[in-house]
Every structure is written in structure tokens, then in C-alpha cells.
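S.K.: One structure, as C-alpha cells, below. Some questions next.
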2 protein chains.
Amino acid sequence: MAKPEIHTMEELSAAIGVSRPTLSRYFQDPTKVSKSSVERIRRGLEQVEYIPNFFATRMNRKTTGMIGVIIPYLNDLFFTRLLESIERAAMRAGYTVITQCSHSDPEIEARAAETFLSMNVDGAVVAPLGNHSDLNVYERLNSRLPFVLMDSRPARLSGVDFVGTDHVQSTGLITEYLTRVGGPPVFLAMPRVNFNALEREMAYTSKMQELGLEPTIIGMESLNAEGHFEAHGLAVLDHYFSKGDFINASILCANDRVAIGALRAAAQHGLEPGTLRRGGLRIAGHDDYPLSEFMIPTLTTVAQNVQAIGQAAVDRLIEKLRVEKPQSNQTVQLMDGVLKVRQSA
Amino acid sequence: MAKPEIHTMEELSAAIGVSRPTLSRYFQDPTKVSKSSVERIRRGLEQVEYIPNFFATRMNRKTTGMIGVIIPYLNDLFFTRLLESIERAAMRAGYTVITQCSHSDPEIEARAAETFLSMNVDGAVVAPLGNHSDLNVYERLNSRLPFVLMDSRPARLSGVDFVGTDHVQSTGLITEYLTRVGGPPVFLAMPRVNFNALEREMAYTSKMQELGLEPTIIGMESLNAEGHFEAHGLAVLDHYFSKGDFINASILCANDRVAIGALRAAAQHGLEPGTLRRGGLRIAGHDDYPLSEFMIPTLTTVAQNVQAIGQAAVDRLIEKLRVEKPQSNQTVQLMDGVLKVRQSA
DNA sequence: CCCTATTCTTAACACGTGTAAAAAACGTCT
DNA sequence: AGACGTTTTTTACACGTGTTAAGAATAGGG
């Protein structure tokens, strides 16, 4: 049990009788060392307690094998799913992921970016914060590292790679579905915490106009930026339902979390949203939040292909990693949303 | 815009005419340097682009200012809330948090622990994986670092600090409430992904016995360890409701996510759980999952004080950090749960 | 103006590992 | 036995910053 603790490769070298450079090569890639040495080292390591120093190993390598990921907040299963798919993809590719959460604070986001630069990460993937973000941060990262933005794309930022959902397609898809199967939807906006909020609004509007219908957007009045989407959806619709407004409407919510609040508002007013009674209240969302299929009624929505987005972001990053000087013409990958018809609309 | 990029302190020293050791001290603590020098350095830094190398700075310090956190999975808002409170507490105390997610895999958990040791983190906080975890990992960390376990406590592990909820109290509280207000509850178990699953089961059983009632535990048959709690609750109760079993029961679910699945099962069978009709179906959970208050009906539950647990874990860690050789008599902090009476029970 | 206390610079070594070049050891083949 | 190719050891320097000890510069006080 009480293996002797060895703190440096030099000591280890002395302890098991293999030269330090050979040990160094062994830890980086055992196949670069002859079988007899590998065996000798392996046996030696069983006798002692030794862990290579992380900092010392990374300091001199041209590549650190780490990629940095920033997500805006943790208390949202969409981002945790995204993060998970990124971690898995990165792990498969042999990279270590360093995650930082900006907690909705541009200052923390900027600090996280500096940390990545200071750690010499090989590349960075960022899900932007939103309007509050300092675009300089992204430009800075992009100019110094292989860099990919995901999920949400700043309008006035150019030359940066992006992977996300095609909101024109996804929002258009469900807008069209709602219109076709029941009445044309009104759009329950979400707090403008990121650029997708606006993109979906605009996608809704243009699809409605394309269909020759009048777009109606509600929920702009109570935009608490705290990310309490459910409370937002509940508050807005409770307000309208109290006045008898929209009780027979098709309501397209900017995302599923808002829709969950909307379902709650309906319940509080004795309304039963669903596609069963034609002409009645219907509620739909966007994202296919993991809990949506368990809601009552189950929530009709458009699924984002989170898995593919994460994988594509990592793939693109690694692609940029491999080339020396990235001529990098900008790449924008937009994934299609998939309609999930359930009970609520 | 195009500030000259400076890569070492030496270069910086030459560029702004301040000696390297002074710069070193400046970056560690500006107050250790005279005002005039601070001003000179500050002005200099505005002219050039320089970021201290993270690895080089950490390598020689006795303290790295980092604490490692391991959580079992990401796709659960309970753990993300816990993680968030830890990050905030650590940030307030001036520490950098390195987060690793074990993705329900003991091997990844063990690797994460090695990474922490190799990075010389000042301390580590871990939410254990469960029965599959290798206890040696925790003992190893505990013997080499200031170390605190949280949320869930391995039964056969001794001498390790712990912060979590007192499940005897919390589960007892809601068991008693359910018994008092309606019928005595049956317990819908959750997959044994961690030690809390068992603790809650046992707490339920002993409280029932204390009340002179017969404990009934269901849901042991379909324990998929994948952490799909909602699907588990739904599958188990769908099965029973189909046979007409438990349709008028009080059902205490091992956690809120299971309860969300239970609510869904009730809905599918036309059942309306709630406290309104005495003697009818009632469903309750545990944890106060962020979405519970938006469920239909709103979910009665016991809230864990996530905020306090995270803060206490960090506080205890820092306490251990400060003393040289921790005599450390073991500390176990158990927080009380708080009853949240809502509509479902 | 000088004296003393503070702060800085200089010079040097340290941290633990990566890496390269040259010399040595080893194995295999003729 | 000799020659050759592979692998290892030896030796040395590198990475960027922490840290220390000595001496030099500076500031404040008389």
C-alpha cells in the first residue's frame, strides 16, 4: 500500500534503471520505446507512486492537447447536452477539454478567454453569451487560435467559423406546421439572452409573411435577462390568459423552457392545450428539451441536433488544428431542425 | 490594434524597463511593488500584448490556486446547480475551478482524479458516481490532498469529509407529511446510480416503521443505470397503473426526475394526482428540481439546500487548505431538507 | 547634505519535463 | 568475428516563471 512516492522523472529514472529521456518518450508514446524497456518501465511503475507533472509536460510541447470550451450558463439542459457531446467528441479525438462557464457575465467570459490563451490551449469552442458579450473577445481568440463559435452567432461578427442550427429552417418548419394543422401561431419571445432569440423571431416573422399572414409577437415586455425562461413564459401568458387573450391561439414559444412555463400558465387557467380539439389552444416550443416528452401534455417542438452540432464543432476545430497557417476561408455549418409532433400542438 | 506580441517576462522587462523579478511580483500581487513601478508597468502593459504563461507560473508555486471538482454527469440540473454554487463560492475565495465530468464512468472518474493530482490542484471536491466508483480513488485523493466529498456518501468509506443532505431528515419529513395528510406512501425507487438512492430507501423504510406502517418499495425491477430517471418513473408506473395498481396511492418518488415521469404516467392513464380529493392518487418527489414548480400539477417535494451544500464544501476545503498538516478529524455536515408543499400531494 | 529604510536591479539557481546530438550498447546478419 | 541498424544512455540545453541573495538606487528624514 505504502508505495514510495516519487516526484520527478529523474528519481524515477534512478529507481528503475531507465534513462530519463527514455521515460519521457515512454509517457508520451510507449510505442516509441522498445518492448523490453516498456516491460521494465511498466514493472517499475507498479512498485512506486509516480505521476508526471502536468504543467511541466505541457510547457515545452508545441501542442498541449487541450481545447477550451465556454458555455454561457450551466442551469440549462440544452447547454449541458451540447457540452457533453463536445466532451465526448474531444475525448474520442484524444483531446482534454477545459470547460469554463461564463455565468451570464461578459467579464467572466473575457477572463475565461484569457485563461485559455494563457494555457496555450490548442483551440477553443465558444457558445456566446449574447448582446452583452464583448465581440473583441471572440475576435481576439479567433486571431490567435483555431476557434469555432457554436449555437448562437453574433450578427456583426465576420470571418469566424460557426456551427449551429438553421433557425430559418427550424422555426419556419414549425411555424408552417402550426399554420397548416391549426391556426397561424403567435410568437412568444424569449429574453434576448443570445442571438438566437432574435434569429427565431425574425425567422418566424418572415415565414408568416411568406405565408401571407400577419406576424404577432408577444412577451417582449417582461424580458428579465436572468435566464428564468419558464417563469417568463408563465408570467407573460398568465397575464394574457387573465384578460382572456390568446386562449384559443396557437402559441409558438421561442424555446421549450418558455413553453414549459406556457403550459403551466394554461393549466392555471384551466386550459388544455392540444391538437385534439381543432381551434383550441395549442402550445409549441423549440429545441426538444429533454423533459419535453414528459410534459403534460407532451410538448410539440423542433429538435436541434445537439449531437451533430457538438461533433461538427470539434471536427472543424481539429481540422483547423492540423493545418499550420490556416488560410481558413470561413466555414458556417447549419444543421436542420426536426419536427417532433406531440400532444400540445 | 496591432500591439506587438510579447511572449516572455524577459521581453516585457526589456520593453518597459522594469526588472523581471519585479514584474513577477507585480503579477502575483501588485501591492508588493511600489506605486511608481505599478504605474509604470500598467502603462507599459497597455502598449503591448502580453499574457503570463499559465503553466510556467503554476509550476513553481507551492500553491496553484486551483481546486478540482468532479461531478458524475451533466444532464441533471441538480448537479449543475451544485456545480454553479461551488464555482461561485470558489470564485469569491479567489480560486480557479477545474471541472471534470465522469459521465457515469468510473474509469473517467479515476482519470480525472489523476489529472488533478498531476496538476497539483490545491484541493478537490467530488460528487461520487455510486456503487461503480472505485473507492480507492477517493482514498487516494483524500490521502494526498485536502478533499471533500459531497452529495452522496459511500457507506464503507471512512475518514473522509462530507457535505450533503440529511436524507433521514428530508425523506422522513416528506414521508411523515404524506402519511399525515393522506395515506401512507409507497416508495418508488430510483436506479442505484449513487448512494443516496439507497439512503433514501432506508430512510423511508425506517420512518414508516417508526410510524408503525408497512413500507412498500416499488420500481426495483427496471433499474437502468443510464440515469434516465424520468423514463424509469414513467415505465414503472405505467406498468402498475395498467393493472389498476396504486391508482389511489400516495407515491413518494426517490427524486423529482422520477416523479416527473410518474406524473406523466398518471396523465397517460387519465389520473389526476393531487391533494384536493382526499384518498386519491398523490405523487411527491425529492430535491426540488428547478422545473418542479412548473409541472402539472406542481410537484410537492423536499428541497435540498444546494446553495448551502456547495458553499459548505468549498468552505471546508479552504479550511483544510490553510492548515499545514491537517490533523483533520473528519467533518460531516448534513443539511436539512425543506418541505415544499405544492399541488401534487 | 548625509544617513537610513525601502525598493529595485542584477545575477543566479530552481522547478520538472521536452528535445536534440553524440556516444555507447545491443541485436542481427553475413 | 566483423559490420550494420536499432535502441538506449549520456550530456546538454531549452521552456517561462518563481525565488533568493547580494548590491545599487531611491526616497524620506534630519
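Read-outs: derived from the displayed coordinates by stated rules, not from any lab. Model, not experiment: these values are computed from the prediction. Note that we place each Cβ from the backbone using ideal geometry, even for glycine, and neighbour counts take in every protein chain shown.
S.K.: Which members of region A:79-107 meet the condition of being acidic (Asp, Glu) and either touching a helix residue (DSSP H, G or I) at 6+ places or on another chain (Cβ under 8 Å) or assigned to a helix (DSSP H, G or I) (or both)? Full working, then the answer.
M.R.: Quick first cut of region A:79-107, residues acidic (Asp, Glu) only: A:84, A:87, A:105, A:107.
Hits for region A:79-107 are A:GLU84, A:GLU87, A:GLU107.
S.K.: Okay, moving on. Only one of B:PRO21, B:PRO52 is within 10 Å of DNA strand C (Cβ to nearest atom) and either out of contact with any Lys or Arg (no Cβ under 9 Å at 6 or more places or on another chain) or farther than 26 Å from B:GLY94 by Cβ (or both). Can you tell me which?
M.R.: Values: B:PRO52 fails: within 10 Å of DNA strand C (Cβ to nearest atom).
Residue meeting the stated conditions: B:PRO21.
S.K.: Of these, B:TYR95, B:TYR26, which one is more than 10 Å from every other protein chain (Cβ to nearest Cβ), within 15 Å of DNA strand C (Cβ to nearest atom) and among the aromatic types (Phe, Trp, Tyr)?
M.R.: Sole residue among the options that is more than 10 Å from every other protein chain (Cβ to nearest Cβ), within 15 Å of DNA strand C (Cβ to nearest atom) and among the aromatic types (Phe, Trp, Tyr): B:TYR26.
S.K.: Within the group A:ASP288, A:ASP238, A:ASP336, which residue is crowded, with 16+ Cβ neighbours inside 10 Å, under 24 Å from A:GLU199 (Cα atoms) and out of contact with any Gly (no Cβ under 7 Å at 6 or more places or on another chain)?
M.R.: A:ASP288
S.K.: Same structure, new question: Which condition from (1) over 27 Å from A:ALA313 (Cα atoms); (2) touching a residue at least 24 places away in the same chain (Cβ under 8 Å) is the one that A:PRO30 breaks?
M.R.: (2)
S.K.: Could you tell me how many of the residues in region B:108-125 are more than 11 Å from every other protein chain (Cβ to nearest Cβ) and assigned to a helix (DSSP H, G or I)?
M.R.: Result for region B:108-125: 2.
S.K.: So, in region A:23-39, exactly how many residues are surrounded by 11 or more Cβ atoms within 10 Å (Cβ to Cβ) and either away from DNA strand D (no atom under 11 Å from the Cβ) or among the β-branched types (Val, Ile, Thr) (or both)?
M.R.: Count: 4.
S.K.: In region B:48-83, what count of residues is obtained for those that are away from DNA strand D (no atom under 16 Å from the Cβ), more than 7 Å from chain A (Cβ to nearest Cβ) and basic (Lys, Arg)?
M.R.: The total comes to 0.
S.K.: Can you name the condition, by its number, that A:GLU293 falls short on among (1) at the interface with chain B (Cβ under 10 Å from one of its Cβ atoms); (2) farther than 25 Å from A:PHE79 by Cα?
M.R.: (2)
S.K.: From the list A:ARG20, A:ARG42, exactly one residue is within 19 Å of B:SER118 (Cα to Cα), without any contact (Cβ under 8 Å) to a residue 60 or more places away in the chain and near DNA strand D (Cβ under 8 Å from one of its atoms). Which is it?
M.R.: A:ARG20
S.K.: Which of (1) surrounded by fewer than 17 Cβ atoms within 10 Å (Cβ to Cβ); (2) under 30 Å from A:ARG144 (Cα atoms); (3) touching a residue at least 24 places away in the same chain (Cβ under 8 Å) is the odd one out, the single condition A:ASN60 does not satisfy?
M.R.: (3)
S.K.: Got a sec? Which of B:ARG140, B:ARG88, B:ARG81 is within 14 Å of the chain's Cα centre (by Cα), among the basic types (Lys, Arg) and crowded, with 17+ Cβ neighbours inside 10 Å? Give the derivation first.
M.R.: On the way: B:ARG140 fails: within 14 Å of the chain's Cα centre (by Cα); B:ARG88 fails: crowded, with 17+ Cβ neighbours inside 10 Å.
That would be B:ARG81, the only listed residue that is within 14 Å of the chain's Cα centre (by Cα), among the basic types (Lys, Arg) and crowded, with 17+ Cβ neighbours inside 10 Å.
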